[in-house]
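This report refers to the structure that appears directly beneath it.
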Amino acid sequence: MSTDKPSANQPSTTLRDVIGLDNNPPKLSDSVLILIDFQNTYRTGVMALEGAEEALAAGARLLERARAAGTPVVHIINDGGENTPYDIRAHIGAISDEVAPADGETVVVKQFPNSFHATELEKTLTDLGVAPGSGKDLVLAGFMTHMCVNYTAQGAFNLGYRPTVVAEATATRSLTTPDGTPLPAASLHTAALTTITDLFGTVVPTVDALPV
C-alpha cells in the first residue's frame with residue numbers, strides 16, 4: 001500500500017518545491033551583495049567561530065567578483081554597544097580589513113539578527129533600484145550562519161525578495177542543545193542552511209558556484 005509520507009531514509013519535499021518557487025541561483029551581476037557582520041568579533045575571543053578565517057577568505061573572493069561585475073555591495077555591521085565584542089567603535093567590532101567597505105559602498109548598522117529590522121537596509125535597496133519583483137536578487141554571506149544570515153534571509157523572503165546564501169562564505173559556532181548535548185558547529189551550519197533552502201531562499205556551496 002503506497003503512502004505519500006516520506007520514509008525515515010527519504011527527505012521530505014521542500015516547501016519551496018511544494019509551492020513552486022524557483023531554486024536556480026541568480027547571476028551575481030543581476031544581484032545586490034549583502035555582507036553580514038564580517039566583524040573582527042568572530043575571529044577571536046568569546047565569539048570566535050569555527051571556520052571563520054576560511055569563510056572570511058571566501059567572502060573576500062565573493063566581494064572581489066561582485067566589484068568586478070559591477071554588483072552593488074551593502075555591508076551590515078552589528079552594534080552591540082561599548083565594551084562588548086560588538087563595539088563598532090573599537091577594533092574588535094570593526095568590519096574585517098579583508099572585506100572593508102570601498103568608497104561608495106553603503107554600511108548599514110543593525111542591532112537585531114534580521115538585518116532588515118529597524119535599519120535602513122530596505123531603503124538602501126530601494127535607492128539602488130532593487131525592490132521585490134524588480135528582477136534583482138540578493139546574495140548573502142557573513143556571520144553567523146544560524147543567526148544573522150538565517151534571519152536576514154527570512155526577513156528578505158518575508159519582504160518579497162529572493163535571497164541566495166553562499167555557504168562557504170559563512171560560519172557559526174558549536175552550541176549546547178536544550179537537553180545538554182553538544183551540537184557541533186558544522187551540524188548547526190548545515191541545519192541553518194537547510195532551513196533556508198526549505199523555504200526562505202537558495203544556497204550555493206561555493207563562491208564559484210554562483211554565476212556571474
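One table, with the values for the structure above:
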quantity	calculated
Amide proton proximity set for Ala131, modelled H, under 5 Å, gap of 5+	Lys136
Estimated vicinal HN-Hα couplings, Hz - the range 70-86 in sequence order (Karplus 6.51, -1.76, 1.60; Gly, Pro = x)	x, 6, x, 10, 10, 9, 10, 9, 8, 9, x, x, 4, 6, 10, x, 10
Difference of contour (0.36 nm per residue) and Cα-Cα distance, Glu53 to Ala69	3.3 nm
Length released on extending from Ala100 to Leu128, taking residue separation times 0.36 nm less the Cα-Cα span	8.1 nm
Prolate/oblate/rounded label for the range 127-196 (Cα gyration tensor, a/c 1.5)	prolate
DSSP H segments from the chain that extend 18 Å or more along their own axis, Cα-based, with Kyte-Doolittle mean of 0.0 or above	52-69
The range 93-133 residues near the modelled Leu15 label - backbone nitrogen below 19 Å, point 7 Å along Cα→Cβ	113-117
18 Å Cα-Cα reach of Lys27 towards aspartates and glutamates, excluding residues that sit fewer than 8 places from it in its own chain	Glu64, Asp137, Glu168, Asp208
For Ala167, distant residues with modelled amide H under 5 Å away	Val204, Thr206
Cα gyration tensor, the chain - rounded (a/c under 1.5), prolate or oblate	oblate
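Since every read-out is calculated from the coordinates, none of them should be taken as a lab result. None of these values were measured; they are calculated from a predicted model. In this analysis, Cβ positions are derived from the backbone assuming ideal geometry, glycine residues included, and neighbour counts consider all displayed protein chains.
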